[in-house]
Amino acid sequence: MKQKLESNEYASYYSTYVDLVPEGDMINILMQQMDETADIIKDLTEQQAHFSYGIGKWSIKEVIGHIADTERIMGYRLLSFARGEKAELPGYDDNDYVRNASFNGLSLQDLLENFQITRKSTLQLIKSLPSEAFLRRGKANGSEVSVRALVYIIAGHELHHRNLIKERYIGSREFPK
């Protein structure tokens with residue numbers, strides 16, 4: 001899957017994510033992202049993983065948990081629409097999901113493993129789809145989206161949050177050394 005998306009394949013609010021995705025084979029991009037994110041996270045201490053750059057902002061642990069949760073949700077949408085689902089799928093409130101997940105009570109290693117397993121599952125699903133499935137569309141959270149746009153959204157969402165981890169968390173003067 002190497003084709004660039006058309007802007008009518010996803011809601012405009014997803015452009016924040018889609019625009020971050022480089023050109024190239026999406027399988028390779030998603031595999032590389034998994035390794036790059038793991039490299040940034042794997043050596044953090046538990047204290048560092050609890051760091052938040054501001055009041056009301058998520059900790060690094062919560063961000064990693066959120067990335068995996070969102071990928072699961074987008075992966076379900078991807079599966080559903082690739083298989084021809086006609087029913088509209090619901091949206092979700094990411095703040096509620098993070099609040100109810102208790103990610104800070106999990107080890108960073110467990111959260112990283114959760115992300116990696118989720119990504120591997122997403123990759124296996126994408127690899128299994130026939131080419132015509134990527135052009136199928138469905139409706140989720142009130143907006144139409146194509147299967148291939150969901151692949152880009154998954155990749156871009158992870159890149160967005162990885163950039164925030166590097167800039168606002170690890171790059172912060174307050175980040176514990």
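The values are calculated or read from the model by the stated rules, or taken from the named source; none is laboratory data. As the structure is a prediction and not an experimental result, all values here were calculated from the model. As a convention, Cβ positions derive from the backbone with ideal geometry for all residues, glycine included, and neighbour counts pool all protein chains shown. Each accessible area value is taken on the protein alone, full model and side chains, heavy atoms only, with ligands, DNA and RNA left out. Shrake-Rupley method; radii C 1.70, N 1.55, O 1.52, S 1.80 Å.
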Could you list, in their original order, any pairs among 4/86; 42/139; 4/139; 4/61; 86/120 whose Cα atoms are separated by more than 29 Å?
42/139; 4/61
Between residue 57 and residue 128, 0.36 nm times their residue separation minus their Cα-Cα distance comes to what?
21.9 nm
For the Cα atoms of the chain, what angle does the longest principal axis make with the long axis of helix 60-82, in degrees from 0 to 90, nearest 10?
10 degrees
Once a ≥ b ≥ c are taken as the square roots of the eigenvalues of the Cα gyration tensor of segment 86-140, is the result rounded (a/c under 1.5), prolate (a/b larger than b/c) or oblate (a/b not larger than b/c)?
oblate
Do you know the relative contact order of the chain, to the nearest whole percent, from alpha carbon pairs under 8 angstrom that are 6+ apart?
40 percent
Rounded to the nearest 20 debye, what is the charge dipole size of segment 3-65 about its Cα centre when +1 sits on each Lys and Arg Cβ and -1 on each Asp and Glu Cβ?
300 debye
Summing Lys, Arg as +1 and Asp, Glu as -1, what charge do residues with Cβ under 15 Å from the Cβ of residue 100 carry, residue 100 excluded?
-2
Output wanted: per-residue J couplings in Hz (rounded whole) for segment 130-147, from phi through Karplus 6.51 cos²θ - 1.76 cosθ + 1.60, θ = phi - 60°, x for Gly and Pro.
x, 4, 5, 5, 5, 8, 5, 10, x, 10, 9, 6, x, 10, 7, 8, 8, 4
Most mobile of 128, 143, 107 in a GNM of the chain (Cα contacts under 10 Å)
128
How charged is the neighbourhood of residue 112? Take every other residue with its Cβ under 11 Å from the Cβ of residue 112, and add Lys/Arg as +1 and Asp/Glu as -1.
-1
Note the angle between two axes, namely the Cα long axis of helix 108-128 and the longest principal axis of the Cα atoms of the chain, as a number of degrees from 0 to 90, rounded to the nearest 10.
10 degrees
On average, how much accessible surface per residue is there in the chain, in Å², for a 1.4 Å probe, leaving out ligands, DNA and RNA?
52 Å²
Positive-pole candidate from 126, 171, 18, dipole of the chain, charges at beta carbon
126
Got a number for carbon plus sulfur as a percent of segment 1-135's accessible area, 1.4 Å probe?
49 percent
By its C-alpha gyration tensor, with a ≥ b ≥ c as the square roots of the eigenvalues, how is segment 37-142 shaped: rounded for a/c under 1.5, else prolate for a/b larger than b/c, else oblate?
oblate
Would you kindly give the portion of the calculated P(r) for the chain that falls above 27 Å, as a percent of all Cα pairs?
26 percent
